[in-house]
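Report on one structure; see the data block that follows.
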Amino acid sequence: MSEEIKIGVYVCHCGSNIADKVDCAAVAEFASKLPNVTVARDFQYMCADPGQELIRKDIKEQGINRVVVASCSPRMHEPTFRKVCESVGLNGYFFEMANIREHVSWCTEDREAATEKAKALVAAAVARVPLQEPLYERYADMNDRVLVIGGGIAGIEAALKVSGGNKEVVIVEKEPSIGGTMAKLDKTFPTLDCSACILTPKMVECAQRDNVKLYTYSEVEKVDGYVGNFTVTIRKKARSVDLDKCTGCGLCITKCPTKDIPHEWEENLTTRTAIFTPFPQAVPNKPVIDRENCRYFTTGKCGICAKVCPTDAVDFEQEDELVTEDFGAIIVATGFELFDPSVGPQWGFGKFDNVITSLQFERMVNASGPTKGKVLLKNGEEPKSIAILHCIGSRDENYHEYCSRFCCTAALKLAHLAKEKTNGDVYSFYIDMRTFGKGYEEFYNRIMSEGIHFIRGKGTEVVERKGQLLVRTEDTLLGKYREVPVDMVVLMAACQPGQDTEKLAQTLAIQRSADGFFLEAHPKLEPLKTATDGIFLCGACQGPKDIPDSVAQGAGAASEALSLISAGKVKISPIVARCDEDKCGGCMICINLCPYTAISYDEEKKVAVVNEAKCKGCGTCSGSCPTGAMTNTNFTDEQIMTQIEGVLAV
Amino acid sequence: MTKEFEPRIVGILCNWCSYAGADLAGISRIKYPPNVRIVRVMCSGRVDPSFVLKAFAEGADGVLVSGCHPVDCHYIEGNYKMWARKVMLETMLQQLGIEPERFRLTWVSANEGELFKQYVTEMVDAVKKLGPFQKPVNWMTELLEHERSLGTAVQEIAAGGGVGE
Ligand code: FES
């Protein structure tokens, strides 16, 4: 390039965020003496309008043709400054960023050392930027269908909103019915409206809309492709019932002779048959055969369901089926699971009959539940006193450090229902009462006036003495150790990531945070995105969330997906691999290394050829090329080597 | 009292996990020694072994390469490729007479700011103990020889498809 290189260097104070630890003026002064640098300035806020204007002005007036901004992480503002350059006709890839906030001022104690390190990073950027080439964003076609993984309230809301935007949506749900955890709840706080009444219409709508396709009893097996063009393999587990033929009459269920299988959906409070629908309002309201317990599958004899079925829908030969579907965007809404309190023997869950989980109690008070809405002890009697223990597995460094957020208000709801149903003594053992949502504190006040006994102290242990359950606690208001005798204990078990979270994270190539939930792209500004373009999150799979929050996120994720697919085209980063045919020896190492099969071999020329539409720019090929023929745009060997020289120049 | 030796370590970090982890350390205001100067690549799979040698040639006292944890690589398996190169690099560095503590490959995820601090601190301490990096006398000739055999080594490892760790 014959054009004279003129670099503009801009050192940002970021208010005091950088300036407190880095002598920004000294860094600018240092930069001004580096080769090719025409202007070097330090400024209060480079990302704000006046800062951006400074760059624009220098480009226009001083003929600056390379820009270096030393400020925050490029993961934050690289796109901002690229746009600034482009707004005045300079290619965005003639820009380089030095991260002197996250990697310097915020993590360094000593001001002098921080200034030194900032200089090194600026020197590296200044050394590198003359070697950068103009690059141009590319566009690929966008598939406008959306996949929603998980059919709980968050996924349902997301799917209905996408469908409302006139786009096709597919829901994949691993259970035989959509509905998720919300379908199991009796009442919902703080309004106490019935859960099924507000949920089931939405479930039914999913089944009825033409542009919503349901895959229940199905799992996502494999995801290929990239934003705008995902190809997803879905495993439809063998249901042993042909959904097209089945009318959902339920005759098979009434005739099934195996009736003693623990009913998981009812939290094992009752039993079910081997052919079953999980609950009366299931969508689809068609049964599934539990092959592990079905006599036909275990002994080869029986087949009664098939005999009584009026439409011939039972199909013992059915096999798992793999289907592939194409999507432009994916919304992950896989929800949560309840912490298993039996891992902590101190709570006596699994040991004492009348120690149950919040969800079990929820099923009990539900009119269509196993006890028809009655609160009953194992012996069939009504309890005279009930203890509700908060924070079981949450806010506990032995299990989960985080707060599960919704359990305090859920516990208040259960306390209210317990009082209403039994009129007995209801004790609530809490550490802090966290009623954060709209109307929740008012709900707390209401429940307090209902004669519930609130004890400020964690229920640390449940023991039995002469057939009597005792809850042990340190009452922190009285400053006293107490033992409270009760008939029944309800454990507000923590909200934790579902068991398949890890596997799904791998399938989707998305990340999880330390608590095991899926990780959002930014905790505040990108709560619904993942670091993988085109994959969004909503609901409790990202962290504990109540219904209003899950619904809001479901709608939000739908909006993210709709805004992405409505653009019609996907922007693809111009950072890709490039092969210099003159240097390529045709060894084909790169072809085997590429995880995206983006490189092929040109038999005629005997060189490697990169398919830029498939290449994602990881650079694994470049890192392994023995002749240096394969390189990465914006990350060429020369650029990186020069940057290394640069960081060591100071 | 003479000023304590402050090593200069080049950190080559992948964009998606380790660079983000280093960002998080900053965001969380975790303080750690200022000796590691970070160069960003999209994936640890991009790290050509010659980058590491280049850093030493330019006078780095140590080189830290960090990527996503195994199975977490944003590009599926770039980190495994780097893992394979690590074996080769370690042998080469040993032959060049460079102490093993001067080169390290770590896995740091986007939420492991603390871990990043720990690795940096450990490495800085180790390199401080060794003292400044002294280029071997016949560094250039040896290096060139190794560069020549590098191609074959990469080919062999690539053909093996990775390491069996
Ligand atoms: S993206 Fe981090 S190692 Fe590949």
With r defined as the distance between the Cβ atoms of residue A:207 and residue A:249 and R0 fixed at 25 Å, what FRET efficiency is calculated, to the nearest 0.05?
0.90
Mind listing the Cα extents of the range A:307-427 along all three principal axes, in Å, largest one first?
53, 43, 26
Need the C-alpha centroid separation for the range A:131-171 versus the range A:363-441, integer Å.
38 Å
How much mean residue ellipticity at 222 nm does the protein assembly as shown get from its helices, if each DSSP H run of length 4 or more adds -39500 (n - 2.57) and you divide by all residues, to the nearest 500 deg cm²/dmol?
-9500 deg cm²/dmol
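Kindly identify the range B:23-102 as rounded, prolate or oblate by the Cα gyration tensor criterion: order the square roots of the eigenvalues as a ≥ b ≥ c, call it rounded if a/c is under 1.5, otherwise compare a/b with b/c, prolate if a/b is larger, else oblate. If you can, show how the numbers build up before the last one.
Working: a/c = 2.15, a/b = 1.16, b/c = 1.85.
Taking the square roots of the gyration eigenvalues as a ≥ b ≥ c, the range B:23-102 is oblate.
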Share of the protein assembly as shown's accessible area from carbon and sulfur, percent, 1.4 Å?
49 percent
Calculate, in whole percent, how much of the Cα-Cα pair population of the range A:50-180 lies beyond 19 Å.
65 percent
5 angstrom amide H check on residue A:348, placed H, neighbours 5+ away
A:462
Hits in the range A:281-296: amide N under 12 Å from the 7 Å Cα→Cβ extension of residue A:316, namely A:294-296
Calculated FRET efficiency for the pair residue B:5/residue A:193, C-beta based, R₀ 56 Å, to 0.05:
0.20
Per the Kirkwood definition applied to all pairs of different Cα atoms, how many angstroms is the hydrodynamic radius of the range A:186-299?
16.7 Å
For residue A:559 and residue A:582 in the same chain, what is the full-extension length gain: residue separation times 0.36 nm, less their Cα-Cα distance, in nm?
3.5 nm
Please report, to one decimal in angstroms, the Kirkwood hydrodynamic radius of the range A:337-496 built from all distinct Cα-Cα pairs.
15.6 Å
Once ligands and nucleic acids are excluded and a 1.4 Å probe is used, how much of residue A:316 is accessible, expressed in Å² to the nearest 10?
30 Å²
Over the alpha-carbon set of the range A:610-650, divide Rg by the Kirkwood Rh and report the Rg/Rh ratio to two decimals.
1.07
Would you list A:20, A:290, A:244 from the most to the least accessible area, probe 1.4 Å?
A:244, A:20, A:290
Rounded to the nearest 100 Å², the accessible area buried between A and B, both sides, probe 1.4 Å, is 4600 Å²
With viscosity set to 0.692 mPa s at 37 °C, what whole-number translational diffusion coefficient in µm²/s follows for the range A:580-650 from Stokes-Einstein and a Kirkwood radius over Cα pairs?
256 µm²/s
From the C-alpha coordinates alone, can you work out the Kirkwood hydrodynamic radius of the protein assembly as shown, in Å?
29.9 Å
In the range B:96-131, what residues drop by 10 Å² or more of accessible area when the other protein chains are put back, versus the chain on its own? Use 1.4 Å, and skip ligands and nucleic acids.
B:110, B:111
Amide H contacts of residue B:12 (H built 1.01 Å from N, under 5 Å, at least 5 apart or other chain)
B:39, B:64, B:65, B:66
Determine the order of A:414, A:185 by accessible area, beginning with the largest, at a probe radius of 1.4 Å.
A:185, A:414
Could you compute the FRET efficiency for residue A:442 and residue A:475, with r as their C-beta to C-beta distance and R0 at 25 Å, rounded to 0.05?
0.45
Over chain A, average the accessible area per residue using a 1.4 Å probe and give it in Å², no decimals.
42 Å²
Determine one quarter of the surface area of the Cα convex hull of the range A:447-522, which equals its mean projected area, and express it in nm² to one decimal.
9.1 nm²
Provide, for q = 0.17 Å⁻¹, the log10 of I(q)/I(0) from a solvent-free Debye sum over equal Cα point scatterers in the range A:251-308.
-0.52
Ranking B:130, A:192 from most to least accessible area with a 1.4 Å probe gives B:130, A:192
Simple spin-label model, 7 Å along Cα-to-Cβ: residue A:602 to residue A:260 in nm?
7.3 nm
Model label zone, residue A:482; criterion: amide N under 16 Å from point 7 Å along Cα-to-beta-carbon; scope the range A:350-394
A:385-390
Report residue A:251's accessible area, 1.4 Å probe, all protein chains in place, as a number in Å² to the nearest 10.
70 Å²
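The values are calculated or read from the model by the stated rules, or taken from the named source; none is laboratory data. Computed from a predicted model, the values in this text were never measured in an experiment. So basically every Cβ, Gly included, is an ideal-geometry build from the backbone, and we count neighbours across all protein chains shown. These area figures cover heavy atoms from the full protein model, side chains too; ligands, DNA and RNA do not enter into them. Shrake-Rupley method; radii C 1.70, N 1.55, O 1.52, S 1.80 Å.
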